[in-house]
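Inspection log for the structure reproduced underneath, given as structure tokens.
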Amino acid sequence: MDDNTKNLIQNYIENNEICLFMKGTPDAPQCGFSMAVTNILKILEVNFKGINVLEDQNIREGIKVFSDWPTIPQLYVKKEFLGGCDIIKEMYESGELKKFFENKGINFKNN
């Protein structure tokens, strides 16, 4: 991964409390896994930045190297990598994801 790609990824993560590297956009996900994570974040009513990896092949491949995680989507919260779709779904279903957001001081839209 080149330095430009690494810096771009780092900037997205540092400048957005919740950052989702995904296929498509939050309003038009282009894979089922990205849609699932997007829907969970919308249900929890948190603001998040969706990064469409399909628009930039360097980011698409670079994020996998950056996080040492082979799949997309990838969710970062306050600069911390949480994981992909399966982990986020598990955390949501157990109630752990909402608690994680609360512990990190994430604001929910309805508060």
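The values are calculated or read from the model by the stated rules, or taken from the named source; none is laboratory data. Computed from a prediction, not measured in an experiment: that's the story for all the values here. Cβ atoms come from the backbone with ideal geometry, glycine included; neighbour counts cover every protein chain shown.
Among the basic types (Lys, Arg), surrounded by 14 or more Cβ atoms within 10 Å (Cβ to Cβ) and assigned to a helix (DSSP H, G or I) - does that describe any residue in segment 39-47? No. Search segment 57-109 for residues being of a type in the set (Phe, Trp, Tyr) and in contact (Cβ under 8 Å) with a residue 40 or more places away in the chain, and hand back the single one that is nearest to residue 35 (Cα to Cα). Filtering segment 57-109 for residues that are of a type in the set (Phe, Trp, Tyr) and in contact (Cβ under 8 Å) with a residue 40 or more places away in the chain, the one nearest to residue 35 (Cα to Cα) comes out as 92.
Here is a yes/no grid of residues against (1) modelled with pLDDT of 95 or more; (2) farther than 24 Å from residue 108 by Cβ; (3) of a type in the set (A, V, I, L, M, F, W, C):
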position: 5; (1), (2), (3): yes, yes, no
position: 23; (1), (2), (3): yes, yes, no
position: 27; (1), (2), (3): yes, no, no
position: 62; (1), (2), (3): yes, yes, no
position: 76; (1), (2), (3): yes, no, no
position: 82; (1), (2), (3): yes, no, yes
position: 96; (1), (2), (3): yes, no, no
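Of the listed requirements (1) surrounded by 12 or more Cβ atoms within 10 Å (Cβ to Cβ); (2) assigned to a helix (DSSP H, G or I), residue 72 misses just one: (2).
Scanning segment 75-111 for residues that are of a type in the set (S, T, N, Q) and assigned to a loop (DSSP other than H, G, I, E, B), we see that the one that is surrounded by the most Cβ atoms within 10 Å (Cβ to Cβ) is 107.
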